[in-house]
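Note sheet for the following structure.
The values are calculated or read from the model by the stated rules, or taken from the named source; none is laboratory data. Treat the numbers as computed from the prediction; the structure is a model and nothing was measured. With ideal geometry, Cβ positions are generated from the backbone for all residues, glycine too; neighbour counts draw on all protein chains shown. Surface accessibility is based on the protein's heavy atoms, side chains included, excluding ligands, DNA and RNA. Shrake-Rupley method; radii C 1.70, N 1.55, O 1.52, S 1.80 Å.
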Amino acid sequence: MDNCEHVLLVDDEAIVRQSTGQWLKICGFMVDSYASAEQALTMIDDSFSGVVITDVRMPGMDGLQFMRAILQKVPGLPVILLTAHGDVDMAISSMRDGAYDFIEKPFVPDRLVETVHRACEKRRLVLENQQLQHILASQSGIDTKIIGISPVIQRLKRELLKLAEQDTNVIVYGETGTGKELVAQCLHEYSHRKTNNFVPINCGAIPESLIESELFGHEAGAFTSAAKKRIGKFEYSDKGTLFLDEIESMPQNLQIKLLRAFQEGVIERLGSNNPISVDLRVIAAAKVDLREDDNFRQDLFYRLNISQLHISPLRERLEDVPLLFNHYLKIMAVDHDKRQRTLSANDLSTLTSYHWPGNVRELKNFAIRYSLDPDLSVADILLSAEGMSATEPRPFRDVSLATQVANFEAQVIKESLSRFQGSIKDTMEQLDLPRRTLNQKMIRYGISRTDFKE
């Protein structure tokens, strides 16, 4: 059994403790029962991996006081409140104070079990998030640069460290946004060339008319706008590393000059006949297989293809997503001198349900938005991503039907309350819901009618 399927049940009525506890045990939960909040509170600390169910009306410390004491000791611990005396205002107030859910007695046993399962899942995700934070805090070396715990990323790190020592040319393959330049930087930083320059150039971002000058430099007067001598990227990366990103976009006439420079270790600036020797390592990056690219010279390919590294897209290593997201949240918190925002259980679930077409670059941008706007959830950011429309399929994988239905249901209730300016009666009539059912749903989703009154 998962250690998050642990329930701490508190109720001063023995018959309730016994009947509720037996039902939860039948449903597969491990249950510890207590007659008083004071007694149960001593059993809760940061290591507690389960959830709490407590009655509200109890002698001594009542359920609301108990909940506040729990959340002070263990912020975010799911607490489910039970009461026969509750009302909507108390329920909404308790939800805002941190209660996970609020269930009125007598309750439907299946609903309680469903709620406890959801609470356990939330607790599991929170504990995983804490573990990821610990991993980030304890990282060193290359683990602080290439973030991930998936098997494919662990293998990439091992291969990278081996290649860094070999001083050979390398082709790095990966989709847009996977971090090819970061891998190239690591190859440089863990090599004997690390004290010299790492020089990146995006072959697809420089106009064809300028790229030769960017690579090889020019003498003053070599062409109309060449007012003074300029050292090119090859010469500037002497004794260091030259990184050629998107090399597949390199014009074919320049591919010949690249090949000669790589073979002979010699370049000439534009407008000069003087050869300049260069000693450099070349790392090229491409989105496509250069062997299969008809526009890429095969002799240049073989000159570069001494070694290869392949970076998996983010959708193939979703276990790395929460760790990466937390990494960027930490950076944002430090950069802006603010407290790091904590991912909710729903945020974590959403992160690992998205297919990340823009890979790590897209994830980083979303983490920045999430960090800067505390009112945005991850789902809000993803569903407002550029290019999406209401008619397009949502870019989520394996999001449970229950989660999608709950989100839709909450939105419908909010829209109805907004339309009728908080009128419960009109909302009941429009949605064809009994008052008790509407109240329960408003409590579950933390919706208050006062938020919609003008």
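Some notes on this structure:
- Here the accessible area is traced with a 1.4 Å probe on the protein chains. For the chain, carbon and sulfur cover 49 percent of it.
- Peptides 373-384, 164-175, ordered by how many other C-beta atoms sit within 10 Å of their residues on average, highest first, read 164-175, 373-384.
- Surface listing: TRP356, TRP23 arranged by accessible area from highest to lowest gives TRP23, TRP356, probe 1.4 Å.
- Relative contact order %, the chain, counting alpha carbon pairs below 8 Å whose residues are six or more apart: 13
- Annotation: lysines with alpha-carbon distance below 17 angstrom to LYS441 (same-chain offsets under eight excluded): LYS105, LYS414, LYS425.
- Each of ALA119, SER213, ILE147 was placed along the dipole of the chain (beta-carbon charges, centred on the mean Cα), and the one lying farthest toward the positive end is SER213.
- The heavy atoms of TYR236 offer some 130 square angstrom of accessible surface to a 1.4 angstrom probe.
- Reach of LYS180 by Cα under 28 Å, taken over lysines that are not fewer than 8 positions away in the same chain: LYS145, LYS157, LYS162, LYS194, LYS233, LYS239, LYS257, LYS287, LYS330, LYS364
- Three-way shape call for the range 298-345 based on the alpha-carbon gyration tensor, with the a/c threshold at 1.5: oblate
- Net charge dipole size for the range 108-202 [Lys, Arg +1 and Asp, Glu -1 on Cβ; Debye, nearest 20]: 160
- Taking all Cα-Cα distances within the chain, those exceeding 37 Å account for 45%.
- Taking each DSSP H run with n ≥ 4 as -39500 (n - 2.57) and averaging over every residue of the chain yields -14000 deg cm²/dmol at 222 nm.
- Under a model in which nothing but the beta-carbon of Lys, Arg (+1) and Asp, Glu (-1) is charged, the range 273-375 shows a dipole of about 240 debye around its Cα centre.
- Furthest towards positive pole of dipole, ALA261, VAL56, SER353, structure part the chain, Cβ charges: ALA261
- Rounded to 5, the percent of DSSP beta bridges in the chain classed as antiparallel: 10
- Taking the Cα centre of the chain as reference, the dipole from Cβ charges on Lys and Arg (+1) and Asp and Glu (-1) amounts to some 600 debye.
- Using the average count of surrounding beta-carbon atoms within 10 Å as a protection proxy, the listed peptides 152-158, 428-434 rank, highest first, as 152-158, 428-434.
- Between the range 31-72 and the range 302-345, the alpha-carbon center distance in angstrom: 38
- Inter-part distance where the range 415-430 and the range 183-250 are each reduced to a Cα centre, Å: 64
- Principal-axis tilt of helix 359-372 within the chain, Cα atoms, nearest 10 degrees: 50
- Rounded to 10°, Cα long-axis angle of helix 252-264 versus longest principal axis of the chain: 70
- Using the 1.4 Å probe convention, the accessible area of the chain works out to 50 Å² per residue with neighbouring protein chains retained.
- Residues in the range 147-154 carry Karplus couplings, in order, of 8, x, 10, 5, x, 5, 6, 4 Hz; the curve used is 6.51 cos²θ - 1.76 cosθ + 1.60 with θ = phi - 60°, and Gly or Pro positions show x.
- Estimated distance in nm for a label pair at SER307 and GLN131, the labels positioned 7 Å out from Cα along Cα-to-Cβ: 3.2
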